[in-house]
Structure formats: structure tokens, C-alpha cells
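Below is one structure, written out as C-alpha cells; the observations come after it.
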Amino acid sequence: MSSPAVYPTAWKPPGLIGNPAARRGLVALVVLYLLWSFGTIEVDWPRVGRGFPRAADLFSRMFPPDFSRWELLLKGVGESVQMALVASFFGMALAVPVGLCAARNLAPRPVYLLARGIIVITRTLHEVIVAIIFVKVFGFGPLAGVLTLFVASLSFIAKMLAEDIENMPPGSLEAIRATGASFPKLLVYAITPQILPRYLGVSIYRLDANIRHSTVVGIVGAGGIGQVLQASFNRYDYDFSLAILISIVALVFIGEFFSAWIRGRLR
């Protein structure tokens with residue numbers, strides 16, 4: 001008499017690749033590729049070994065941190081905050097028309113392609129590369145940093161806004177259109193109530209990101225506390241560099257706390 005069939009008692013979701021042999025082969029190829037990629041890096045291990053004593057010397061010269069030049073520290077931190085606020089405000093304002101034009105279910109196709117092209121181009125380059133370009137054009141200072149963060153804010157918020165509009169249920173749009181309402185009324189009564197909370201949340205998140213990025217773009221000369229940090233490293237003023245790093249951590253922590261508080265109030 002044959003034994004009864006044994007059925008699994010727990011359901012397991014199917015894998016991405018059903019064939020076990022193909023799955024193992026893909027894993028082996030990925031591992032081989034990673035090993036090959038690591039071998040092409042050409043790491044100079046003797047130089048890496050010589051770097052550890054230099055790192056120990058650098059960290060030893062950082063302590064204790066030097067806060068004696070607190071006026072310069074506060075000026076750099078204040079400049080970074082101002083850069084983030086100005087860039088976020090104008091980015092939020094201009095992202096609305098760009099996001100509306102980049103929504104496939106609202107804009108005509110030529111307008112949609114133009115707006116999407118603007119978003120794609122502005123999102124292609126990293127903030128540091130954009131900052132270098134603006135520094136070359138406008139010179140060192142916070143103007144280059146503000147423009148860099150503005151471009152990043154515009155592209156990010158406009159993309160999120162356009163995708164939220166495209167993901168809206170079509171029923172509400174069709175109902176408002178069926179009444180013969182104009183586009184401004186469609187925007188006020190159908191689109192705004194659904195996307196406003198998400199738009200505000202994304203904008204607050206972008207402000208928090210701009211506070212962090214303002215410390216990075218300054219390293220290439222785009223103003224803010226990052227420019228002060230780069231100057232201190234160039235002067236081998238490592239104790240003041242540590243004071244700047246502590247200030248940057250405190251600034252980012254305050255920005256994160258403020259962002260979380262605002263998002264909690266919006267829920």
C-alpha cells in the first residue's frame with residue numbers, strides 16, 4: 001500500500017527565476033563579475049597600509065575640537081540654512097507648473113515632453129557637478145549653492161508631483177470635466193485636494209535634504225559651512241575642522257527633527 005502524499009503546510013512565494021539551475025548560474029555570474037570588478041580597481045595595498053598611520057595622526061590632531069572661532073562657524077551654518085531655505089522656496093514654487101505640465105493626463109503631448117525633458121535633464125547631474133558648473137559661471141559664493149539646490153529641488157518635487165497626478169483615480173477628473181469646468185477649477189476642486197498633502201510632505205523632505213546638501217556643495221566653493229570646512233582642511237587646521245563637523249552633524253539633526261515634526265503635523 002502506497003504512503004499518502006505529503007503536501008507542504010506553508011506557502012512560499014514563487015522565486016523571480018523559477019529554474020533552479022538558471023538561478024544558481026546567475027548567482028555564480030554575479031559573484032564572478034564582482035570578483036573581476038574588484039580585481040580591476042588596482043588597489044595599492046602598500047599605500048593603504050601607509051595611510052593608517054596618517055589617519056591616526058589626523059584624528060589625534062582633531063582633538064580637542066576648537067570652537068574659539070565661533071563667529072566664523074555661525075556665519076557658515078547660517079549661510080547654509082539660508083541657501084537651503086531660499087532654494088527650497090523657489091524650487092517648491094516653480095515645481096508646481098513644471099509638475100502639472102509633466103503629467104500625461106493633464107498636459108498636451110508637446111508640453112508633456114518638454115516638461116519631462118526639463119525634469120530628466122535637471123535630474124541627470126549630481127549636485128556636486130551642478131555646483132562646479134555654477135561656480136565656474138558665477139564664481140565662488142552662496143549664489144552658486146542656491147542655484148544648485150534650486151535645480152535639485154525643482155527636479156525632485158516636480159517629478160514627484162507629476163507622478164502623483166498621473167496616479168490619481170480618473171473618476172474625479174472626468175466628473176469635474178463633465179460639468180464643463182475650466183482648467184483652473186479642475187485644478188482647485190479635483191487635483192489640489194488629492195495632491196496637496198503629498199506635495200507638502202515632499203517639499204518638507206526636500207528642505208531637509210537641501211540642509212544636508214548645502215554642506216556638501218560648499219566643498220567645491222558654493223558657499224555655506226562646507227566651504228569653511230574645505231578651507232580648514234587646506235590649512236591643516238584639523239581641530240577647527242572637527243568643530244565644523246560637529247556643527248554640521250548638529251545642523252542635520254535639527255533639520256531632521258524639524259522635518260519629522262512638520263510631517264507629523266501634516267498627517
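Any read-out appearing in this document is the output of simple, stated calculations on the displayed coordinates, not a laboratory observation. Note that the structure is a prediction, hence the values are computed from the model and not measured. Backbone-built Cβ (ideal geometry, glycine too); neighbour counts: all protein chains shown.
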Send over the semi-axes of the range 79-178's equivalent ellipsoid, whole angstrom and largest first, taken as the square roots of 5 times the C-alpha gyration tensor eigenvalues. 31, 14, 9
Spherically averaged projected area of the range 143-241 from its Cα convex hull (nm²): 7.8 nm²
Within the range 181-247: Cβ-based charge dipole about Cα centre, in debye rounded to nearest 20 (Lys, Arg +1; Asp, Glu -1): 380 debye
Compare L200, L186, L251 in a GNM of the chain, Cα atoms joined below 10 Å, and give the one with the largest fluctuation. L186
If each residue of separation counts as 0.36 nm, what is the full-extension length gain between W36 and R50 once their alpha-carbon separation is subtracted? 2.5 nm
To the nearest 500 deg cm²/dmol, what mean residue ellipticity at 222 nm is calculated for the chain from DSSP H runs of n ≥ 4 alone, each contributing -39,500 (n - 2.57), summed and divided by the residues? -25500 deg cm²/dmol
Counting every Cα pair in the range 67-266, what percent are over 26 Å apart? 42 percent
Let me know the charge dipole size of the chain about its Cα centre in debye, to the nearest 20, where only the beta-carbon of Lys, Arg (+1) and Asp, Glu (-1) is charged. 640 debye
Extension gain (nm, one decimal) between K136 and W70, 0.36 nm per residue minus Cα-Cα: 20.8 nm
Among Y236, Y189, Y199: highest mean-square fluctuation, GNM of the chain, C-alpha pairs under 10 Å: Y189
Among V86, V137, V151: highest mean-square fluctuation, GNM of the chain, C-alpha pairs under 10 Å: V137
Highest mean first, how do 92-105, 217-230, 54-67 rank when packing is the count of other Cβ atoms within 10 Å averaged over residues? 217-230, 92-105, 54-67
Dipole of the chain, positive end: most advanced residue of L94, F150, I176 [Cβ charges, Cα centre]: I176
Please give, to one decimal in nm, the separation of the simple spin-label points placed at I254 and R23, each 7 Å out from Cα toward the Cβ. 5.2 nm
